[in-house]
Amino acid sequence: MNETLSKILGGKQGAIGLGILAALILVLLPLGLDPFRLGLVGKYLTYAFVAVSLVLLWGNGGILSLGQGIFFGLGGYAMAMFLKLEASDPVSTAIQSTPGIPDFMDWNQLTALPWFWEPFKSLPLTILAILIVPTLFAFLIGYAMFKRRVGGVYFAIITQAIALILSILIIGQQGYTGGVNGITDLKTLLGWDIRTDSAKYVLYYVNAALLIGCILLSRYVLSSKFGMLLLAMRDKEERVRFSGYDVSNFKIFIFCLSAMISAIGGAMFTLQVGFMSPTFIGIVPSIEMVIFAAVGGRMSLIGAVYGTLLVNAGKTMFSETYPELWLFLMGGLFIAVVMFFPNGLAGIYDKYAKKVPFLRKLSEESPKARKAETVLVETKEAGVKA
Amino acid sequence: MFDYSMAEIGNIVVMQAFSGLSLFSVLLLMALGLAIIFGQMGVINMAHGEFMAIGAYTTVFLSRVAETYGIVNYYFLFAIVAAFIVAFIIGYIVEFALIRHLYKRPLDTLLATWGLSLVMQQIFRSTFGAKEVSAVLPEWLMGSFQPTPDIDIPINGVFVLVLAAVVTLGVFLFMFRSRWGLRVRATVQNRVMAGAVGINTKKVDRVTFALGCGIAGVAGAAFTTIASTGPTTGSLYIVDSFMVVVFGGAASVLGTIASAFGIAQAQSILQFFMTSSMGKVATLMVIVGILMMRPEGLFASKVRK
């Protein structure tokens, strides 16, 4: 294996872990589940993008954003705006008083398409918007805050407030955004019906491939020198600053990267589920996405995907049968993960892997597995000083 | 805003300003508790809104008891004290069972207390039902008085304002004029030294946290006089109260008062002239903007970090 490849895959253990994940989401789940259940898994996997982005930002960077829903939502809305424009061609909207604009605009007495909808008539511009708009937004927030050395709890609260602002804004501006119902009735992508079973399979695979791509990209970033600096910054920010690094630029970069990854997830969500609404932007979804990453293990990119799948599967199962119990469980999960399993599933795996001979051999070869433990100890020490 | 005559605009501003004062009182009570906890321990309590709901539900419960005995006119002052005590005790238990293990990890405290708030919301829903409930108010809290024929000022608003003033004064006296306050401030300034001179810093932490929760309970009691209470009532106010604390500058009572006043008035007056959601958006956006320019808040503490 050449060096770059081994960096991306994260050594032998990393490659095997990724192989198992790929086998699960690319082969086992599509074979074992009916289209409806697979659609649910596809939806959860779009949340996994956000969980992966939080592993980068929170687990490795020590920056807790309680507003990742902002970027998931921006990506999702950009996609939804394109699909909605395609669904509202003048022929199928002929009964409206102004044909050719989305139905909710017509209901809100708008007579022309607002200017910021215009770019979403073209797919290349839309894809560009999905990638650029959230990243730019993250850059603005990050620049304003990290340059002034705002971090920790303050950053968490301000991102949370921004998530709240954005969701109220979208709900309030019904004529421009579709309001609380969001953008619904999305039908085709460039004439290709996205609601059929076969389309859903294709989209599921595109989504899974993109997710694995994002994990590989994140691996690469984390295994580079930048990744080491990120860890160092999280544990001893002052020391990194005194060594001559501009800490804020690194923070801004990782925040932008995490925003972009979340936005891709949002766009894939819209494509697979067929609508986008403000309920995926506000405070509650943003913080729930943090728990996905925490359950999987805040340091583990692959763990984040398992964490997302498990929590969401649990949520679907329980809210179908015992809806009252679910909030208790979810709340308990938050408390238990933070208090007893700060490294999540990945931490439990690392702890018990040593007892199984075959797995022990693997983890001894990889320096990654040990890192998770030492890091926790260091975080505790850093906390004592802070 | 141009459809009104000047006199009408004047009356509207006065009445909206007064309804802003009710919001200010509730926000101030919420934020005082949060600020005490945050300033003392660097811990943000995401379940603070639920402690407010505990106070509100306690008041509602007592009002029902009072109704069966026919003593509705007298129970309310007692209910305020009871709301404080119940929230205080629960806060004390929560600190002991949960918070004290997480002081070294402030970000994790956010998540754990969020989990706690979910559990508490579900407890409210299972106990009191998903519907909003309201307390039976004593007669002396109802009605309004009119200084001029066009201005209508509700009595309950005045009452809440007075309550907030009394509690703020109480907190001020507690923090700056009592032995306990001295210990709290010593612990904030230098935890290790405070411990060395014989202050039981763990006990100080616990009492401070419980006190913050107790004040949230009083906020809940005050809240029942102006609106009805549901399981998610607390979560509606939590971001606003965070903003008050951060905007005012943590650990500054004066800053908390000023920022609660500014935020409540801006929201209340803007909501009349714009739509209610846009008023809120505009207010929050201005605050976030100012915080980006001046992250330490309006009244920064002079401690270097």
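Numbers for the structure displayed
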{"quantity": "Leading residue by the ranking (surrounded by the most Cβ atoms within 10 Å (Cβ to Cβ)) among those in segment B:206-228 that are of a type in the set (S, T, N, Q) and under 16 Å from residue B:141 (Cβ atoms)", "calculated": "B:224"}
{"quantity": "When residues of segment A:56-93 are limited to those that are within 14 Å of chain B (Cβ to nearest Cβ) and assigned to a helix (DSSP H, G or I), the one surrounded by the fewest Cβ atoms within 10 Å (Cβ to Cβ)", "calculated": "A:60"}
{"quantity": "Subset of segment B:245-257 that is modelled with pLDDT of 80 or more and buried (at least 18 other Cβ atoms within 10 Å of the Cβ) - its residue that is farthest from the other protein chains (Cβ to nearest Cβ)", "calculated": "B:257"}
{"quantity": "Extreme residue, nearest to residue A:333 (Cα to Cα), among residues of segment B:92-123 that are crowded, with 18+ Cβ neighbours inside 10 Å, within 7 Å of another protein chain (Cβ to nearest Cβ) and among the charged types (D, E, K, R)", "calculated": "B:108"}
{"quantity": "Residues satisfying the stated conditions in segment B:144-160, i.e. under 25 Å from residue B:61 (Cβ atoms) and either at pLDDT below 75 or surrounded by 18 or more Cβ atoms within 10 Å (Cβ to Cβ) (or both)", "calculated": "B:154, B:156, B:157, B:159, B:160"}
{"quantity": "Residue B:86 being facing chain A (nearest Cβ under 7 Å), among the β-branched types (Val, Ile, Thr) and out of contact with any Pro (no Cβ under 8 Å at 6 or more places or on another chain)", "calculated": "no"}
{"quantity": "Which numbered condition residue B:201 fails, given (1) closer than 19 Å to residue B:45 by Cβ; (2) under 22 Å from the mean Cα position of the chain (by Cα); (3) surrounded by fewer than 22 Cβ atoms within 10 Å (Cβ to Cβ)", "calculated": "(2)"}
{"quantity": "Filter result (modelled with pLDDT of 90 or more and within 11 Å of the chain's Cα centre (by Cα)) within segment B:35-49", "calculated": "B:48, B:49"}
{"quantity": "Residue in segment A:330-349 that is more than 21 Å from the chain's Cα centre (by Cα), more than 11 Å from chain B (Cβ to nearest Cβ) and more than 28 Å from residue A:216 (Cα to Cα) present", "calculated": "no"}
{"quantity": "Residue that is nearest to the chain's Cα centre (by Cα) [pool: residues in segment B:279-292 that are more than 8 Å from chain A (Cβ to nearest Cβ) and not small (Gly, Ala, Ser)]", "calculated": "B:283"}
{"quantity": "Total residues in segment B:228-256, condition closer than 21 Å to residue A:163 by Cβ and either more than 15 Å from the chain's Cα centre (by Cα) or not small (Gly, Ala, Ser) (or both)", "calculated": "13"}
{"quantity": "Any chance residue B:234 is within 14 Å of another protein chain (Cβ to nearest Cβ), among the small types (Gly, Ala, Ser) and within 23 Å of residue B:120 (Cα to Cα)", "calculated": "yes"}
{"quantity": "Residues of segment A:298-326 satisfying the condition of being part of a helix (DSSP H, G or I) and of a type in the set (Lys, Arg)", "calculated": "A:315"}
{"quantity": "Odd one out for residue A:187, checked against (1) out of contact with any helix residue (DSSP H, G or I) (no Cβ under 6 Å at 6 or more places or on another chain); (2) within 19 Å of residue A:85 (Cβ to Cβ)", "calculated": "(1)"}
{"quantity": "Test set (1) part of a loop (DSSP other than H, G, I, E, B); (2) of a type in the set (Ser, Thr, Tyr); (3) within 20 Å of the chain's Cα centre (by Cα) - residue B:22 fails condition number", "calculated": "(1)"}
{"quantity": "Restricting segment B:124-140 to residues that are over 20 Å from the mean Cα position of the chain (by Cα) and surrounded by 16 or more Cβ atoms within 10 Å (Cβ to Cβ), the residue that is farthest from the other protein chains (Cβ to nearest Cβ)", "calculated": "B:138"}
{"quantity": "Of all residues in segment A:132-179 being touching a residue at least 12 places away in the same chain (Cβ under 8 Å), surrounded by fewer than 23 Cβ atoms within 10 Å (Cβ to Cβ) and not in a helix (DSSP H, G or I), the one that is nearest to the other protein chains (Cβ to nearest Cβ)", "calculated": "A:149"}
{"quantity": "Among (1) without any contact (Cβ under 8 Å) to a residue 40 or more places away in the chain; (2) within 15 Å of the chain's Cα centre (by Cα) - the single one residue B:270 does not satisfy", "calculated": "(2)"}
{"quantity": "Scope segment B:40-65; condition among the aromatic types (Phe, Trp, Tyr) and surrounded by fewer than 23 Cβ atoms within 10 Å (Cβ to Cβ); matching residues", "calculated": "B:61"}
{"quantity": "Verdict on residue B:242 being within 14 Å of chain A (Cβ to nearest Cβ), in a helix (DSSP H, G or I), in contact (Cβ under 8 Å) with a residue 60 or more places away in the chain and under 30 Å from residue B:191 (Cβ atoms)", "calculated": "yes"}
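The values are calculated or read from the model by the stated rules, or taken from the named source; none is laboratory data. Computed from a predicted structure; not experimentally measured. Cβ sites come from the backbone with ideal geometry, for glycine too, and all protein chains shown count toward neighbours.
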